[in-house]
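Remarks on the structure that follows.
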Amino acid sequence: MHDTKERLSLFWIFALLNYLYADVVALWSLADAPHLPPWALLGSAVLMEIPIAMIVACRLLPFRANRLANIIAGAILTLVNGFLTFVPPLVGARTPALPEYLFFATIETVCTSVIVWQAWTWSGIEAAVSPERIVRQPEAGITSA
């Protein structure tokens, strides 16, 4: 799998599954968890929609828009997740972050950081010679059905 579009899409699927599983585990682990206000639930929904949408966007957007969308979406999720997970304990705030949630949050933050790096270093040359764009090159002896 050498195509950056495919690799980025795969990372988004991986990150999304980690986000979902971490949240499900957190819900089951916190029987006495406080109920969130509607604005927090909406914010949560918007943040979860970003990786869901990026799975499709990675496969459909042209190179420049794809690269930019991955950099922006990855940076937003890396910063939000990193800030909400790792900053409160550093400043002495008490958080309900359980060890298993911290485990997933670390993987999520690393994964979205990798997405940003992959998109940042993604070459326009690679996008131009992507296998899906090569249909037929008779002079090189390459034809596809």
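The values are calculated or read from the model by the stated rules, or taken from the named source; none is laboratory data. Computed from a predicted structure; not experimentally measured. No Cβ is skipped: glycine too gets one built from the backbone with ideal geometry, and neighbour counts run over all protein chains shown.
Taking the residues in region 21-33 that are part of a helix (DSSP H, G or I) and either at pLDDT 85 or above or among the small types (Gly, Ala, Ser) (or both) as candidates, determine which candidate is surrounded by the fewest Cβ atoms within 10 Å (Cβ to Cβ). Reasoning before the result, please.
Start the filter on region 21-33 by keeping residues that are part of a helix (DSSP H, G or I), which leaves 21-29.
Those still in the list that are either at pLDDT 85 or above or among the small types (Gly, Ala, Ser) (or both) too: 22, 26, 29.
Details: Ala22: 21, Ala26: 17, Ser29: 13.
Among residues in region 21-33 that are part of a helix (DSSP H, G or I) and either at pLDDT 85 or above or among the small types (Gly, Ala, Ser) (or both), the one surrounded by the fewest Cβ atoms within 10 Å (Cβ to Cβ) is Ser29.
Exactly one residue among Asn66, Asn70 is under 12 Å from the mean Cα position of the chain (by Cα) and polar (S, T, N, Q), and that residue is Asn70.
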